[in-house]
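Asker: One structure, as structure tokens, below. Some questions next.
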Amino acid sequence: MAAYSHHLFICANVRDPGHRRGSCDPTGDDDLRSAFKKALKRAGLAQSARANFAGCLDQCEHGPVVVIYPQGIWYGSVTEEDVPRIVSETLVNGRILDDLVISDECLNNPDCPHRS
């Protein structure tokens, strides 16, 4: 089997409502990952790209979070409505979506201004 061109990790961490760091999948329904799987199939990428469940990616204040490897693209505040655009623009056309990317000043930074 050939290596995947894209491997998406979709945070599905569930926390109690009102948690100070938020929750990437507050309902626990895994709807965002399901939307990615359907979009990959529609785009003909089901064999070359993979959408996986991920536990906490420690970017909670930017959730829901999706990280795309091997490119190392981190997207935050991703909604189901963003999924078709991520697939078509980022996976197919190689464009980073500036409105979703988590800035370098915040990524893995405990002093990120978005943290409470």
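Asker: Looking only at the range 61-84, which residues are among the polar types (S, T, N, Q) and either in contact with a helix residue (DSSP H, G or I) (Cβ under 7 Å, 6 or more places away or on another chain) or open to solvent by less than 20 Å² (accessible area, probe 1.4 Å) (or both)?
Answerer: SER77
Asker: Could I ask something else about it? Could you list, in sequence order, all residues of the range 13-39 that are modelled with pLDDT of 90 or more and either over 15 Å from TYR69 (Cα atoms) or open to solvent by 40 Å² or more (accessible area, probe 1.4 Å) (or both)?
Answerer: ASP30, ASP31, LEU32, ARG33, SER34, ALA35, LYS37, LYS38, ALA39, listed by residue number.
Asker: Here's a follow-up. Within the range 36-52, is even one residue within 17 Å of LEU91 (Cβ to Cβ), aromatic (Phe, Trp, Tyr) and out of contact with any Phe, Trp or Tyr (no Cβ under 7 Å at 6 or more places or on another chain)?
Answerer: yes
Asker: Filter the range 1-12 down to the residues that are under 18 Å from PRO70 (Cα atoms) and among the small types (Gly, Ala, Ser) and list them by number.
Answerer: Across the range 1-12, the qualifying residues are ALA2, ALA3, SER5.
Asker: Based on what the data block shows, is ASN52 of a type in the set (S, T, N, Q), open to solvent by 20 Å² or more (accessible area, probe 1.4 Å) and under 17 Å from ASN108 (Cβ atoms)?
Answerer: no
Asker: Take the range 96-108 and flag every residue that is more than 15 Å from the chain's Cα centre (by Cα) and of a type in the set (D, E, K, R).
Answerer: Scanning the range 96-108 gives ASP104, GLU105.
The values are calculated or read from the model by the stated rules, or taken from the named source; none is laboratory data. Keep in mind that what you see is a predicted model, and the values were worked out from it rather than measured. Counting neighbours? That spans all protein chains shown, and the Cβs are built from the backbone with ideal geometry, glycine included. Ligands, DNA and RNA are stripped out before the accessible areas are found, and what is left, the full protein with its side chains, is counted by its heavy atoms. Shrake-Rupley method; radii C 1.70, N 1.55, O 1.52, S 1.80 Å.
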